[in-house]
Amino acid sequence: MKKIYKAHILYTKEKNHFEVLENGYLAVDADGCVTGVAADLASLDGEDAEVTDFGNRLLIPAMNDLHVHAPQYRNQGIAMDLELLPWLQNYTFPEEKKYAETAYAEPMYRRFIHDLWRFGTMRSSVFATIHTESTRLLMNLFQEAGMGALVGKVGMNRNCPEGLSESVDDMVQGYEELIHSTLNAPLGSAASLCEKLSTLVTPIITPRFIPSCTSEMLRACGELAAKYQLPVQSHLSENKDEIAWVQELEPESRNYGDAYDRYGLFGQTPTVMAHCVWTDGEELELMKQRGVMVAHCPTSNINLASGIAPIRRFLTEGIPVGLGSDVSGGHDFSIFRMMVYAVQMSKLRYQRDKSSAFLSLAEAFWMATKSGGSFFGRVGSFEPGYEFDALVIDDSDLNHSDYSLLERLERYVYLGDDRQIVHRFCRGKEIAEPRI
Ligand code: GUN
Ligand code: FE
């Protein structure tokens, strides 16, 4: 049955412009898709629909986290004294090894999903670990919560400690088990990506990064992506020492992006690469050609002293960009806070080079919703046909003066947190608080 929600509705169809409907109506069909937004009930054909009135609250698209590491949950907010490569060796890998045990993983993964829920993130693209069983558990927990996720069992077989390395054959076998059990598709079938995304929780091919994967591992990952038409995620051009190391390890490649491209891991299926802080020149051209998406992770780039990514440049070139928390390189789950950091970092960059403008709030909001959401299908907007992923914000405690609706949203983004989020929807369904 059709449902109608009444509230102050705000969303971004275009990157630099908010759509604002004061006391508007939004209709959702039985499949959980938006059928229309209007100023009056009659134009939504909603006379016999169930109407829920959210009163003076704000109704906005839910958040999408394009890059986050579930098994780094325990390290959130600690270990901020090193740059990427020693940080991985000293803090990250030792923690991820513990996920060989599902008994260790379960309470952590439950809390992880609970935190995504708290901050209004209804879809995320997640790194798990090399361990198939705890990755399966994470997928099941997302399914149980009703929240959308692309979940990657991580490919690693070089430059990593014992216990965090897997043979290529075991990696392929583990992936095929996960694909088989989550997609309900016969193994080897080439169901379209769209059909796959109709399941809320889907595997994503996840070589950790070039230094962690031999050519054989990368080749096998590319083959899995092609065979099952699955998306791909990894890390790209985050840190200068990392980039120099990749050049040493893959001397044939023209740049870091090309090192993925050679193995079919750079846009041959939908691909998201985290960071791209130092992406330029031929690598940038290749991303553009291949339609590779950037997961911009501003807090992580600050904490690991990686640098300031050229987001304005990516947007101007038409390279798709979404936002990622990158917990625990990033310390903060909130994608709202990620919008603030993205705008602030773009202002620091602007101070060095005033030839390109800093980001607006509308652009940051669009990256968090419609642009980031595009990696999950028709997600992140309230245009007809989009899946109804939404948050209801009760900002009465922040709304103490004569603010416009846009100012109210801006204040919520800058000052609000989970306390103001009073309802969360994913694909049309209200999502209850997940059990910890
Ligand atoms: N590069 C390879 N692994 C990681 C990771 O876990 N976090 C970040 N930020 N970068 C990486
Ligand atoms: Fe990361």
Filtering segment 1-45 down to residues that are within 21 Å of L406 (Cα to Cα), buried (at least 20 other Cβ atoms within 10 Å of the Cβ) and free of Cβ contacts under 8 Å to residues at least 40 places away in the same chain yields G24, Y25
Please work out which one of (1) in contact (Cβ under 8 Å) with a residue 40 or more places away in the chain; (2) over 24 Å from G380 (Cβ atoms); (3) within 16 Å of ligand 1 (Cβ to nearest atom) is the condition D65 fails and give its number. (2)
Flagged in segment 262-307 as assigned to a strand (DSSP E or B), closer than 14 Å to A342 by Cα and not hydrophobic (A, V, I, L, M, F, W, C), in numbering order, are H275, H296
Give segment 380-404 a look and list any residue that's in contact with a Leu (Cβ under 9 Å, 6 or more places away or on another chain) and buried (at least 18 other Cβ atoms within 10 Å of the Cβ), or say none. F382, F388, A390, L391, V392, I393, D394, D395
So is S212 of a type in the set (S, T, N, Q), open to solvent by 10 Å² or more (accessible area, probe 1.4 Å), modelled with pLDDT of 95 or more and closer than 23 Å to Y104 by Cβ or not? no
Only one of (1) within 16 Å of ligand 1 (Cβ to nearest atom); (2) in contact with a Gly (Cβ under 6 Å, 6 or more places away or on another chain); (3) under 14 Å from V172 (Cα atoms) does not apply to L265, and that is (3)
Residue list for segment 83-129, restricted to those being outside any helix (DSSP H, G or I) and open to solvent by less than 10 Å² (accessible area, probe 1.4 Å): G120, T121, M122, R123, S124, S125, V126, F127, A128, T129
Those residues that are within 12 Å of ligand 1 (Cβ to nearest atom) and buried (at least 24 other Cβ atoms within 10 Å of the Cβ), I need them from segment 227-240; list them, please. Q233, S234, H235, L236, S237, E238
Counting only residues that are within 10 Å of C297 (Cα to Cα) and either over 12 Å from the mean Cα position of the chain (by Cα) or away from ligand 1 (no atom under 12 Å from the Cβ) (or both), segment 318-334 contains a total of 4
What is the number of the single condition among (1) open to solvent by 40 Å² or more (accessible area, probe 1.4 Å); (2) at pLDDT below 95 that R136 does not meet? (2)
State all residues of segment 241-259 that are assigned to a helix (DSSP H, G or I), within 20 Å of M293 (Cα to Cα), away from ligand 1 (no atom under 13 Å from the Cβ) and not small (G, A, S); if no residue qualifies, say none. D258
Mind checking which residues of segment 288-304 are polar (S, T, N, Q) and either away from ligand 1 (no atom under 16 Å from the Cβ) or open to solvent by 10 Å² or more (accessible area, probe 1.4 Å) (or both)? Q289, N303
Output the residues belonging to segment 305-362 that are surrounded by fewer than 16 Cβ atoms within 10 Å (Cβ to Cβ) and either within 15 Å of ligand 2 (Cβ to nearest atom) or farther than 28 Å from V20 by Cα (or both). A305, L348, Q351, R352, D353, K354, S355
Scanning segment 69-82 residue by residue, those open to solvent by less than 10 Å² (accessible area, probe 1.4 Å) and more than 10 Å from ligand 1 (Cβ to nearest atom) turn out to be A70
For segment 278-287, which positions are surrounded by fewer than 24 Cβ atoms within 10 Å (Cβ to Cβ) and within 16 Å of ligand 1 (Cβ to nearest atom)? W278
When restricted to E101, E83, E144, the only residue touching a Ser or Thr at 6+ places or on another chain (Cβ under 8 Å), touching a residue at least 60 places away in the same chain (Cβ under 8 Å) and charged (D, E, K, R) is E83
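The values are calculated or read from the model by the stated rules, or taken from the named source; none is laboratory data. Owing to the predicted nature of the structure, the values given are computational and were not obtained by experimental measurement. Cβ atoms come from the backbone with ideal geometry, glycine included; neighbour counts cover every protein chain shown. To get the accessible areas, we keep the full protein, side chains included, count just its heavy atoms, and leave off ligands, DNA and RNA. Shrake-Rupley method; radii C 1.70, N 1.55, O 1.52, S 1.80 Å.
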